[in-house]
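Below is one structure, written out as structure tokens; comments come after it.
The values are calculated or read from the model by the stated rules, or taken from the named source; none is laboratory data. Remember, predicted model here, so these are calculated numbers, not experimental data. Don't worry about glycine lacking a Cβ; one is built from the backbone with ideal geometry, like all the others, and counts go over all protein chains shown.
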């Protein structure tokens, strides 16, 4: 996909490089050797399901996370490196219950059912500090700086947020003052399916309540707010918003584009003239990829890139700078490519053409015969403005036409333009003007005149003339 985009002119030096790899933070998704661990989380001694339990699996050096649903069910898909059974460790935790850690053995291409029974937390509750009032504030207690990935790209898709209800003295409320906390979520990722579960939770004996945040398919920042309504007076107590970042997935070819600023570099005969080469990298949902994703640039046939690697910004842009060198291509044109890695280590790549334009020349100035104009006849004069390779000149080149002489002649504006933009197509090397007798002159005289064409800009200045007659 060619994306011709204008980017702000900056001078950030960049130099031809080797390709490295772009590695995701976790498995890129189930493959031929994937397996599934699933089951239910319940309260020990009963069949009561436990919702919102965090299941953390570590196996083959990779971490997988899930949160139990309203029926206590969970499911984790694991990507294996081969077909042999592998052992790992799983920890299950939820507020109000004792953590459970045990070893598990999973087999590729199979579903392994493992249920967990959690015991209530029977640790003695310390006596409440002085005060013991109703909830006055809701305080976020962690974790800090939570970052998630969009759904289905192999990163962490969920996390648990915990809040604590405190009284007017800043102490956790007593169990007798337990209250129900509501959780609300806002932000652009909600449009892509991001949500919290549960949406309501009763504070436990430690005055805490938790909710799990689940990412969707849209990247961005979300805010989670905890609130409760005091039974005694109806006052609504709210926490400060907690920010959670949801990053994009892996690079996707459909959402990968490359541009240059400028495409036409007036550096065929100069060292060190530059162009900023920029890649815009998105995931399969159209989100910017995670900040810091590496993009590798190379293969300039007529220049040097100061560094081989650019790293994406929060908006998905990665830039390097191409400088003109001495290894000139015979036609003054070259190609730059950018490459990164997408899902399943598939290369994501794009290539753009740039022009290294040389000196300005005006050629082929002609009226198709004698340049003669009169009261009823005008003349179309065509000409070529290009460098020695026939390539268009750089942006900012001005092209003008003037007439002088005893004959009363007038010339039109240059067509199709009198000022070049950043172009590389040879369409922008062919120009024309129309010369006519100046019937507005007083008196309108006959006689010879000279048509002068001038091109001036970053490539230098060129002039050409053509003699004509007014009858």
ask   = Of all residues in region 191-237, which are more than 32 Å from the chain's Cα centre (by Cα), surrounded by fewer than 17 Cβ atoms within 10 Å (Cβ to Cβ) and farther than 24 Å from residue 53 by Cα?
value = 229, 230, 231, 232, 233, 234, 235, 236
Subset tally (residues that are under 30 Å from residue 264 (Cβ atoms) and surrounded by fewer than 19 Cβ atoms within 10 Å (Cβ to Cβ)) for region 439-452 = 1
ask   = If you go through region 61-68 one residue at a time, do you hit one that is closer than 12 Å to residue 36 by Cβ, part of a strand (DSSP E or B) and touching a strand residue (DSSP E or B) at 6+ places or on another chain (Cβ under 6 Å)?
value = yes
key: Condition check for residue 29: under 18 Å from residue 214 (Cβ atoms), surrounded by 14 or more Cβ atoms within 10 Å (Cβ to Cβ) and modelled with pLDDT under 85   = yes
query = What about residue 188, is it within 12 Å of residue 244 (Cα to Cα) and surrounded by fewer than 19 Cβ atoms within 10 Å (Cβ to Cβ)?
reply = yes
request  = Assess whether residue 412 counts as being in contact (Cβ under 8 Å) with a residue 40 or more places away in the chain and either over 24 Å from residue 266 (Cβ atoms) or touching a helix residue (DSSP H, G or I) at 6+ places or on another chain (Cβ under 7 Å) (or both).
outcome  = no
ask   = What residue, of 61, 35, 96, 142, is at positive phi and buried (at least 17 other Cβ atoms within 10 Å of the Cβ)?
value = 96
ask   = Which of the residues that make up region 43-58 are closer than 18 Å to residue 103 by Cβ, in contact (Cβ under 8 Å) with a residue 60 or more places away in the chain and surrounded by fewer than 20 Cβ atoms within 10 Å (Cβ to Cβ)?
value = none
query = From the residues in region 341-376 that are more than 52 Å from the chain's Cα centre (by Cα) and without any contact (Cβ under 8 Å) to a residue 60 or more places away in the chain, which one is nearest to residue 256 (Cα to Cα)?
reply = 368
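Table: residues versus (1) touching a strand residue (DSSP E or B) at 6+ places or on another chain (Cβ under 9 Å); (2) surrounded by 16 or more Cβ atoms within 10 Å (Cβ to Cβ); (3) at pLDDT below 95; (4) at negative phi.
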residue	(1), (2), (3), (4)
414	yes, yes, no, yes
422	yes, yes, no, yes
426	yes, no, no, yes
435	yes, yes, no, yes
454	yes, yes, no, yes
460	no, yes, no, no
463	yes, no, no, yes
ask   = So is residue 423 closer than 27 Å to residue 277 by Cβ and in a strand (DSSP E or B) or not?
value = no
query = over 20 Å from residue 268 (Cβ atoms) and part of a loop (DSSP other than H, G, I, E, B) - does that describe any residue in region 457-469?
reply = no
key: Residue selected from region 377-402 under the condition in a strand (DSSP E or B) and touching a residue at least 60 places away in the same chain (Cβ under 8 Å), by the criterion farthest from residue 464 (Cα to Cα)   = 379
